[in-house]
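The values are calculated or read from the model by the stated rules, or taken from the named source; none is laboratory data. Given the structure is predicted, the values throughout are model-derived calculations rather than measurements. Please note: Cβ atoms are built from the backbone with ideal geometry, for glycine as well, and neighbour counts cover all protein chains shown.
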């Protein structure tokens, strides 16, 4: 092999492809067995504004960037294509994405609408949040081959909006407190109604986040825990 061909092999590139998916919980239903109190949720829409998609080397430097900001409604059948980038062919252990407020989503980052059913009680909701979250993730065995491709999935977990703890590893999924927040009994639970419910009365755990005092703030905080990688893969969160 000549010196020139050795150089070409050493600098060979491949393609990193990215998709996002809300799994069955967003596309279909969060079933009763997932809820500690037997509720269910069906989403009519679950929109996220995604940007800052990048593959990082061992020093945290961007080596591949998927340009642009995109909004995905994850109730539509997925996975959804995010984009691709040409990157050096090697193994990667770090990737990043951002869910942040977008003009495309009316200044929101996450908008979720659907129906929560708890026994005989069924309420609808249509909530918009403007949280800004960067997810630093560890993809599952991502190795880009020379002249080939490998992929990463940014997975969004819709059941997290109904967790009863912010830091507690033993947090469970509950819905009854949200259904009960329908103070005017019109069958619609608004963020204003959630704001009127003190978290302290529910037994929900806020951990170190003592500034989270009402149920609207609590659910808003949970929007910053939605993101994973390759299904259940781990992501560090920069709030």
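Identify all residues within the range 84-104 that are more than 30 Å from residue 128 (Cα to Cα) and either touching a residue at least 60 places away in the same chain (Cβ under 8 Å) or assigned to a strand (DSSP E or B) (or both); write none if there are none.
85, 86, 87, 88, 89, 91, 92 - these are the residues of the range 84-104 that are more than 30 Å from residue 128 (Cα to Cα) and either touching a residue at least 60 places away in the same chain (Cβ under 8 Å) or assigned to a strand (DSSP E or B) (or both).
Return the residues of the range 159-178 that are over 21 Å from the mean Cα position of the chain (by Cα) and surrounded by fewer than 19 Cβ atoms within 10 Å (Cβ to Cβ); say none if nothing qualifies.
Answer for the range 159-178, where residues must be over 21 Å from the mean Cα position of the chain (by Cα) and surrounded by fewer than 19 Cβ atoms within 10 Å (Cβ to Cβ): just 176.
Within the range 200-212, can you find the residues that are more than 23 Å from the chain's Cα centre (by Cα) and touching a residue at least 12 places away in the same chain (Cβ under 8 Å)?
Matches in the range 200-212: 200, 202, 203.
Can you tell me which condition residue 135 does not meet? The list is (1) at positive phi; (2) in a strand (DSSP E or B), and all the others hold.
Every condition holds for residue 135 apart from (1).
Does residue 81 satisfy being closer than 30 Å to residue 176 by Cα, in contact (Cβ under 8 Å) with a residue 40 or more places away in the chain and surrounded by fewer than 17 Cβ atoms within 10 Å (Cβ to Cβ)?
Here the answer is no, as residue 81 does not meet what is asked.
Of all residues in the range 140-164, which are free of Cβ contacts under 8 Å to residues at least 60 places away in the same chain and not in a strand (DSSP E or B)?
141
Yes or no, residue by residue, for (1) out of contact with any helix residue (DSSP H, G or I) (no Cβ under 6 Å at 6 or more places or on another chain); (2) closer than 24 Å to residue 33 by Cβ; (3) modelled with pLDDT under 95:
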site: 130; (1), (2), (3): yes, no, no
site: 133; (1), (2), (3): no, no, no
site: 152; (1), (2), (3): yes, no, no
site: 161; (1), (2), (3): no, yes, no
site: 169; (1), (2), (3): yes, yes, yes
site: 176; (1), (2), (3): yes, yes, no
site: 186; (1), (2), (3): yes, no, no
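Run residue 15 past the list (1) free of Cβ contacts under 8 Å to residues at least 40 places away in the same chain; (2) not in a loop (DSSP other than H, G, I, E, B) and report the number of the one that doesn't hold.
Only one criterion is unmet by residue 15, namely (1).
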